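First the structure, in the form of structure tokens, and then the observations on it.
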Amino acid sequence: MTTETKKETLGFQTEVKQLLHLMIHSLYSHPEIFLRELVSNASDASDKLRYQALHDATLLESDPNLEIRISFDKDAKTVTIADNGIGMNREDVIENLGTIAKSGTAEFLKNMTGDQKKDSQLIGQFGVGFYSSFIVADKVTVETRKAGEKEGVIWESEGTGEFTIEETDKASRGTSITLHLKDEHLDFADGWQLRSIIRKYSDHISLPILMEKQDMPSYDEEGNEKKEEENKAPEWETVNTAKALWTRSRSEIKDEEYKEFYGHISHDHTDPLKWSHNRVEGKLEYTSLLYVPGKAPFDLYNREMDRGLKLYVQRVFIMDKAEEFLPMYLRFIKGVLDSNDLSLNISREILQKDPNVESMKSALTKRVLDMLTKMAKNDEETYKTFWKEFGQVLKEGPAEDMGNKEKIAKLLRFSTSLEGKEEQTVSLDDYIGRMNEDQEKIYYISAESFNAAKSSPHLEVFRKKGIEVLLLSDRVDEWLMSHLFEYDGKKFEDIGRGDLDLGKLESEEDKKAQEEVEKQSEDLVKRIQDVLKEEVESVRVTHRLTDSPACLVVGAQDMGAQMRRIMEAAGQAVPDTKPIFEVNPEHPLIVRLDNEADEDRFAELSRILMDQASLAEGGQLDDPGAYVQRLNKLLLELSGS
């Protein structure tokens with residue numbers, strides 16, 4: 001540090017160095033995104049000032065008109081983006097421009113695909129938009145002063161491993177970013193080019209974006225371009241619509257404008273799948289613009305993720321992530337809510353107690369579910385995309401929203417034994433529509449993976465009788481089914497749990513035959529029970545199996561394997577339970593076991609069958625080594641060694 005200038009040189013955070021290298025060397029084919037990101041950041045800075053000024057009007061410093069100014073200098077090879085928003089002090093500059101919070105860069109790099117267009121679209125979503133400046137600039141200078149403070153700051157870097165920072169006198173609050181353009185990007189020092197990019201990406205910004213008025217060149221009689229007057233005062237003009245998009249009539253907004261606005265509020269530049277724009281008048285007055293994204297964010301399954309709608313009150317920005325207006329299972333929805341029935345000084349604490357908020361939440365939830373219902377009915381392919389991205393989160397709904405349980409259930413999609421594909425495309429209405437005439441229940445099986453569910457021995461009797469079974473393998477599925485008891489008057493039944501009841505699907509002859517088999521197998525069941533009494537709750541004859549020798553069944557009131565793993569991962573205690581062991585007396589292995597006179601060998605074979613049943617369910621053995629030893633011993637005996 002030099003005492004005279006108070007300039008300090010600091011090193012970038014390691015992740016930022018990686019990011020800068022990426023920006024400079026990998027995303028060169030879409031350089032115009034720098035302007036999109038810097039204008040968006042300037043808009044956010046103005047929103048923050050407007051909100052803070054509600055509590056402290058002195059922050060406006062007698063300059064209440066918020067705006068963004070973009071200028072260029074062909075001779076100096078620079079482009080400058082300036083705002084009079086909240087600004088930054090020294091600590092803010094170091095935190096915002098020298099480091100990246102929440103491991104944003106690591107996640108960004110992990111999500112890179114190698115496709116430059118797709119990768120450039122990730123920039124805003126991961127909060128690293130400022131660094132896109134270095135795609136077009138070999139040096140960036142930031143001059144800023146925080147509203148309400150005296151000292152300004154100059155930050156400068158050439159995008160290598162370090163940056164400089166020093167104090168400065170800055171008369172006005174806000175931030176000015178000057179890009180010193182690389183020779184290959186001097187085309188951005190052009191008014192028409194900049195205007196074109198602004199209209200493409202930032203026309204919807206509600207703040208005026210100003211540029212110096214640029215007249216078409218005029219020529220004299222000899223065809224020479226007329227020179228403009230020297231020292232002529234610059235005349236600024238607004239180059240964007242500068243009207244909050246959600247305040248305009250739906251009939252005058254083009255689809256492209258809706259898509260551009262979505263990119264602005266979400267920092268996701270993949271097109272949304274669907275949107276709903278509505279104005280409500282009556283007891284409550286508010287406008288909502290809700291979007292279903294086309295791609296899931298990287299932190300979708302983190303229930304602590306930032307979520308919620310941009311909240312405005314009477315068109316004044318209040319907060320960025322107002323999570324009180326939609327339930328957790330709809331956390332993927334992006335959008336804007338502008339209310340006339342909330343206080344301008346509203347806080348998160350007040351939101352949680354305001355009865356109007358609960359009314360709006362109920363209405364907005366219904367609107368989202370209606371939007372998804374229409375999509376599922378009218379645009380099956382788009383809904384498939386939605387389900388692939390967000391289906392697991394929607395499955396959290398029945399547990400969280402009792403009032404909309406039936407509506408959510410209608411939106412659910414499943415794999416089934418009939419389809420045999422991992423892709424989840426079958427609705428409950430589809431399933432019911434092709435149920436067996438005598439079938440009274442909706443049958444399902446849950447497992448650790450799709451292949452384990454598809455190959456489960458529990459399906460055997462259902463395949464024999466031609467009954468379709470839902471195959472559940474998502475980690476949330478057992479949680480879902482513990483709250484979803486019936487649909488359209490049909491109860492759900494887990495075919496891997498408790499006593500299997502096929503109702504009218506079983507004839508009286510079937511039942512009598514089963515009772516006879518049970519009676520004949522009483523001695524065998526008791527022998528196996530004596531061997532496995534420490535490992536199983538009980539042993540019984542199966543009605544589920546036709547081809548397999550044995551299977552494991554979860555007790556009717558016991559916790560399933562999926563739920564146990566979720567609870568254990570959350571650090572919660574789970575009850576110690578044992579499975580029920582069911583055997584198929586007609587299978588050759590069980591017949592062989594029944595005829596085994598050597599009790600030691602009988603015990604070894606019983607334990608092998610028990611372990612195999614566990615493996616067939618996708619489970620893990622408590623003692624894999626013992627299983628291998630028993631199997632090896634059996635193989636040696638069979639080979640006569």
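The values are calculated or read from the model by the stated rules, or taken from the named source; none is laboratory data. All of these numbers come straight from a predicted model, not from anything done at the bench. Positions of Cβ are generated from backbone atoms using ideal geometry, with glycine treated the same way; all protein chains shown enter the neighbour counts.
In segment 71-87, which residue that is among the hydrophobic types (A, V, I, L, M, F, W, C) and outside any strand (DSSP E or B) is farthest from A244 (Cα to Cα)?
From segment 71-87, those among the hydrophobic types (A, V, I, L, M, F, W, C) are 72, 76, 79, 81-82, 86; that's our starting set.
Still in the running and outside any strand (DSSP E or B): 76, 86.
Values: A76: 35, I86: 20 Å.
That would be A76.
Would you confirm, using the coordinates I've provided, whether L337 is farther than 23 Å from Y258 by Cα and buried (at least 21 other Cβ atoms within 10 Å of the Cβ)? Even if it seems obvious, please write down each step before you answer.
Working: farther than 23 Å from Y258 by Cα: no; buried (at least 21 other Cβ atoms within 10 Å of the Cβ): yes.
No, not satisfied.
Write out, first by first residue and then by second, each pair whose Cβ atoms fall under 8 Å of each other, whose residues are 6+ apart or on separate chains, and whose first residue, in segment 183-206, is under 17 Å from E252 (Cα atoms) while the second is of a type in the set (V, I, T) and surrounded by 18 or more Cβ atoms within 10 Å (Cβ to Cβ).
Correct list of pairs: R199/V239; I205/V39; I205/I68.
Against the definition (in the same structural domain as N89 (by TED's automatic domain parsing), modelled with pLDDT of 95 or more and touching a Gly at 6+ places or on another chain (Cβ under 7 Å)), how does E143 come out, yes or no?
Working: in the same structural domain as N89 (by TED's automatic domain parsing): yes; modelled with pLDDT of 95 or more: yes; touching a Gly at 6+ places or on another chain (Cβ under 7 Å): yes.
When the stated conditions are applied, E143 passes them.
Of the residues that make up segment 241-248, is at least one in contact with a Ser or Thr (Cβ under 8 Å, 6 or more places away or on another chain), in a strand (DSSP E or B) and among the β-branched types (V, I, T)?
no
What do you reckon, is F332 buried (at least 18 other Cβ atoms within 10 Å of the Cβ), outside the structural domain of T425 (by TED's automatic domain parsing), in contact (Cβ under 8 Å) with a residue 60 or more places away in the chain and assigned to a loop (DSSP other than H, G, I, E, B)?
Details: buried (at least 18 other Cβ atoms within 10 Å of the Cβ): yes; outside the structural domain of T425 (by TED's automatic domain parsing): yes; in contact (Cβ under 8 Å) with a residue 60 or more places away in the chain: yes; assigned to a loop (DSSP other than H, G, I, E, B): yes.
Yes, satisfied.
Scan segment 421-456 residue by residue and report those that are loosely packed, with under 13 Cβ neighbours inside 10 Å and among the aliphatic types (A, V, I, L, M).
none
Of the residues D488, D494, which single one is modelled with pLDDT of 90 or more and under 21 Å from K578 (Cα atoms)?
Working: D488 fails: under 21 Å from K578 (Cα atoms).
When all the criteria are applied, what remains is D494.
How about segment 443-492: which of its residues are of a type in the set (D, E, K, R) and part of a helix (DSSP H, G or I)? First the steps, then the outcome.
Going through segment 443-492, the residues of a type in the set (D, E, K, R) turn out to be 448, 454, 460, 463-465, 468, 474-475, 477-478, 486, 488, 490-491.
Result: K454, E460, R463, K464, K465, D477, E478.
Name the single residue, out of those in segment 29-70 being in a strand (DSSP E or B) and closer than 15 Å to S172 by Cβ, that is farthest from the chain's Cα centre (by Cα).
First pass over segment 29-70, keeping only residues in a strand (DSSP E or B): 68-70.
Add one more test, that the residue is closer than 15 Å to S172 by Cβ, and what stays is 68-69.
Numbers: I68: 32, R69: 35 Å.
My answer is R69.
Conditions: (1) surrounded by 15 or more Cβ atoms within 10 Å (Cβ to Cβ); (2) in contact (Cβ under 8 Å) with a residue 24 or more places away in the chain; (3) among the charged types (D, E, K, R). K633 meets all but one. Number of the miss?
(1)
I'd like to verify a number: residues in segment 62-76 that are surrounded by fewer than 18 Cβ atoms within 10 Å (Cβ to Cβ) and within 18 Å of E143 (Cα to Cα), how many?
Of the residues in segment 62-76, the ones surrounded by fewer than 18 Cβ atoms within 10 Å (Cβ to Cβ) are 62-65, 73-76.
Retained after the next criterion (residues that are within 18 Å of E143 (Cα to Cα)): 73, 76.
Of the residues in segment 62-76, 2 are surrounded by fewer than 18 Cβ atoms within 10 Å (Cβ to Cβ) and within 18 Å of E143 (Cα to Cα).
Taking segment 341-358, which residues are in contact (Cβ under 8 Å) with a residue 12 or more places away in the chain, in a helix (DSSP H, G or I) and more than 19 Å from T287 (Cβ to Cβ)? So that I can check it myself, show each step before the final result.
So the first thing to find is which residues in segment 341-358 are in contact (Cβ under 8 Å) with a residue 12 or more places away in the chain, and the list is 341-346, 348, 351-352, 354, 356-357.
This time we only want the ones that are in a helix (DSSP H, G or I), so: 348, 351-352, 356-357.
Within segment 341-358, R348, Q352 qualify.
Tell me the helices (runs of 4 or more DSSP H) entirely within segment 496-610 that contain at least 3 residues that are more than 40 Å from the chain's Cα centre (by Cα).
508-520, 522-532, 588-594
So, in segment 171-188, of the ones that are crowded, with 20+ Cβ neighbours inside 10 Å and of a type outside the set (V, I, T), which residue ends up farthest from L10 (Cα to Cα)?
So, considering only residues that are crowded, with 20+ Cβ neighbours inside 10 Å and of a type outside the set (V, I, T), the one farthest from L10 (Cα to Cα) is F188.
Could you list all residues from segment 189-212 that are out of contact with any Leu (no Cβ under 6 Å at 6 or more places or on another chain) and in a helix (DSSP H, G or I)?
Residues satisfying the conditions are G191, W192, Q193, L194, R195, S196, I198, R199, K200, Y201.
From the list S521, S482, exactly one residue is surrounded by 18 or more Cβ atoms within 10 Å (Cβ to Cβ) and hydroxyl-bearing (S, T, Y). Which is it?
Numbers: S482 fails: surrounded by 18 or more Cβ atoms within 10 Å (Cβ to Cβ).
Just one listed residue meets the conditions, S521.
What single numbered condition from (1) surrounded by fewer than 17 Cβ atoms within 10 Å (Cβ to Cβ); (2) under 20 Å from the mean Cα position of the chain (by Cα); (3) modelled with pLDDT under 85; (4) not in a loop (DSSP other than H, G, I, E, B) fails to hold for K321?
(3)
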